[in-house]
Amino acid sequence: MKTKIAVTTLTAAVIAAIAPAALAQQKVNPPIATYWMSIDTSSGMPMGGAGGGGPSMMDIGRMMLGGGMGGGGANRSMLLELGSQRSASGTPAAAHDIPAGLNMGASLPLETPPRAPRPEPREDGVPENFEKPRGRMLIFWGCGEQAGAGQPYVIDFAKMAQGQVPQGLFSRRVAVQRGPSQSRSKTYGDWPNQRDSTRVAGDGSLRGDHMVKGNYSPDIKFSIADKYDFMEPVNLSSRKSSGGGMNMSWNSVANAQGYFATAMGGGKSGSEDVVIWSSSSAREFGESLMTWLPPSEVARLIREKVVLSPSTTECTVPAQFVAAAPSAFIRFIAYGEEANFAQPPRPQDPKLAWSPDWVVKVRLKSTTSSILGEESMSGGGAAPAASGSSAPAVDPLQEGFKALKGLFGR
């Protein structure tokens, strides 16, 4: 009995000794300057702005409704953002000195955009010029010849309150990163801009030394290694399966952390439906996943069977989606590595406060978009209607884009 008491007492003493250290929270002060490099390799249809999150549903809408759909090889793009808690000494000026291997000159200017006045929000919370959509949205999900139980999930736009996200549309919260912005910085600069929007060279490389200098931030110096260079392009192919689904396959992209795909199309002739599918094993709308995500978040989503593992190279789009959306667009993303730098480095001792002069994040992705299915489109418009057929009174895709604009404010 005495031995048991002694052991218990000793255990309690050890826990008491280590608890303060384990529970200690390191004090972290915000950096003076934050710099983000958002790097994308894109292939397929040339949609989306430079360095953006890839083609959005609204981009697809513009293409399908007559905005042009020419194909193209792989393109590389960058979005460079510098935010500082310092005010500029005079007119804001900053530049990013780049490695010679990028083949874009010696440096890229980071311009401070004019501050646009914020529009007054409407009292009802609805985005300005929002038009209430009609019709329905049908949501499918999962890889497999046949759609799983409970599909499709149907949203009736006629019953959707203006500006209100339909209940059950999103199955989980996704930790989307928030980088430097003009609203959260005393001084801000980015590239590309009106002064310089040079196209990123197809054979350029990020490898080597980088320096960011400005009159409103400390000098930022870091070096990018091979695995943080531009990712390989995604080569996506699809073919009709014997069971009516669509077999998709793609190359194993080097340094990819995981994959995700989503598709959108209009319903059959005379239908007002807009139909959406994602490769997630659980119901997931997918719009918030078509952008850069930190590797830790990608790993979590793989465990939850939302994102496909990096060893996956094929997925079958269910026959029910293919039948419901005879002509659809597929968007695909390979999530890449992420590099983080700081000066001074974060102390290992949690008792020591950390006050970085600057932090840098380099994040990577590779994306592609193409037409899924046999009824492809070309030359900048929708495929012509069959002889004798008539277009629906309500364009289902236009109605879907109205809804998406209301949901995401795009």
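The values are calculated or read from the model by the stated rules, or taken from the named source; none is laboratory data. Please read these numbers as outputs of a predicted model, since none were measured by experiment. Here the Cβ positions follow ideal geometry from the backbone for every residue, glycine too, while neighbour counts run over all protein chains shown.
Taken residue by residue, the stretch 291-303 has at least one member that is within 22 Å of the chain's Cα centre (by Cα) and polar (S, T, N, Q). In the stretch 330-369, which residues are in a strand (DSSP E or B) and either more than 23 Å from Leu79 (Cβ to Cβ) or without any contact (Cβ under 8 Å) to a residue 24 or more places away in the chain (or both)? Within the stretch 330-369, Ile330, Asn340, Trp354 meet the criteria. Looking at Gln146, Gln164, Gln177, can you tell me which residue is closer than 30 Å to Val306 by Cβ and modelled with pLDDT of 95 or more? Result: Gln146 is the single residue among Gln146, Gln164, Gln177 that is closer than 30 Å to Val306 by Cβ and modelled with pLDDT of 95 or more.
Going through (1) among the basic types (Lys, Arg); (2) touching a Phe, Trp or Tyr at 6+ places or on another chain (Cβ under 8 Å); (3) under 30 Å from Leu206 (Cβ atoms) one by one, Lys227 falls short only on (2). State which residue is surrounded by the most Cβ atoms within 10 Å (Cβ to Cβ) when the search covers only the stretch 273-313 and only residues that are over 18 Å from Gly142 (Cβ atoms) and in contact with a helix residue (DSSP H, G or I) (Cβ under 6 Å, 6 or more places away or on another chain). Filtering the stretch 273-313 for residues that are over 18 Å from Gly142 (Cβ atoms) and in contact with a helix residue (DSSP H, G or I) (Cβ under 6 Å, 6 or more places away or on another chain), the one surrounded by the most Cβ atoms within 10 Å (Cβ to Cβ) comes out as Val274. Listed by first and then second residue, the pairs linking a residue in the stretch 28-47 that is closer than 14 Å to Glu337 by Cα to a residue that is surrounded by fewer than 22 Cβ atoms within 10 Å (Cβ to Cβ) and among the polar types (S, T, N, Q), with Cβ atoms under 6 Å apart and 6 or more places separating them unless they lie on different chains, are Asp40/Ser77. If you go through the stretch 86-104 and keep only what is part of a strand (DSSP E or B) and closer than 16 Å to Ile32 by Cα, you end up with just Ala94. The set of residues in the stretch 24-42 that are in a strand (DSSP E or B) and within 20 Å of Phe222 (Cβ to Cβ) comprises Val28, Ala33, Thr34, Tyr35, Trp36, Met37, Ser38, Ile39, Asp40.
Every residue in the stretch 336-371 that is over 30 Å from Thr34 (Cβ atoms) and crowded, with 24+ Cβ neighbours inside 10 Å, please. Of everything in the stretch 336-371, just one residue is over 30 Å from Thr34 (Cβ atoms) and crowded, with 24+ Cβ neighbours inside 10 Å, namely Ser369. Scanning the stretch 202-243 for residues that are small (Gly, Ala, Ser) and touching a strand residue (DSSP E or B) at 6+ places or on another chain (Cβ under 8 Å) yields Gly202, Gly204, Gly208, Gly214, Ser217, Ser223, Ala225, Ser237, Ser238, Ser241.
Put simply, of Ser237, Ser205 the only residue that is hydroxyl-bearing (Ser, Thr, Tyr) and free of Cβ contacts under 8 Å to residues at least 60 places away in the same chain is Ser237. Would you mind stating whether Ala88 is modelled with pLDDT of 90 or more, of a type in the set (Gly, Ala, Ser), touching a Phe, Trp or Tyr at 6+ places or on another chain (Cβ under 7 Å) and surrounded by fewer than 19 Cβ atoms within 10 Å (Cβ to Cβ)? Answer is yes for this residue.
Quick check: anything in the stretch 259-272 at pLDDT below 95, at positive phi and within 20 Å of the chain's Cα centre (by Cα)? Among the residues of the stretch 259-272, not one is at pLDDT below 95, at positive phi and within 20 Å of the chain's Cα centre (by Cα), which makes the answer no. Among the residues of the stretch 108-126, is there at least one that is polar (S, T, N, Q), under 20 Å from Gly265 (Cα atoms) and modelled with pLDDT of 95 or more? No, the stretch 108-126 contains no residue that is polar (S, T, N, Q), under 20 Å from Gly265 (Cα atoms) and modelled with pLDDT of 95 or more. Only one of Gly267, Gly208 is closer than 30 Å to Pro152 by Cβ and touching a helix residue (DSSP H, G or I) at 6+ places or on another chain (Cβ under 7 Å); which? Being closer than 30 Å to Pro152 by Cβ and touching a helix residue (DSSP H, G or I) at 6+ places or on another chain (Cβ under 7 Å) holds for just one of Gly267, Gly208, which is Gly267. Could you say whether any residue in the stretch 220-235 is in a strand (DSSP E or B), within 23 Å of Lys361 (Cβ to Cβ) and of a type in the set (Lys, Arg)? Yes, that holds for at least one residue. For the stretch 230-248, check the following and say yes or no: at least one residue is at pLDDT 95 or above and hydroxyl-bearing (Ser, Thr, Tyr). Among the residues of the stretch 230-248, not one is at pLDDT 95 or above and hydroxyl-bearing (Ser, Thr, Tyr), which makes the answer no. Of all the criteria given as (1) in contact with a Phe, Trp or Tyr (Cβ under 7 Å, 6 or more places away or on another chain); (2) surrounded by fewer than 23 Cβ atoms within 10 Å (Cβ to Cβ), the one not satisfied by Ile333 is (2).
Under the condition of being at pLDDT below 95 and surrounded by 12 or more Cβ atoms within 10 Å (Cβ to Cβ), the residues counted in the stretch 203-226 number 1.
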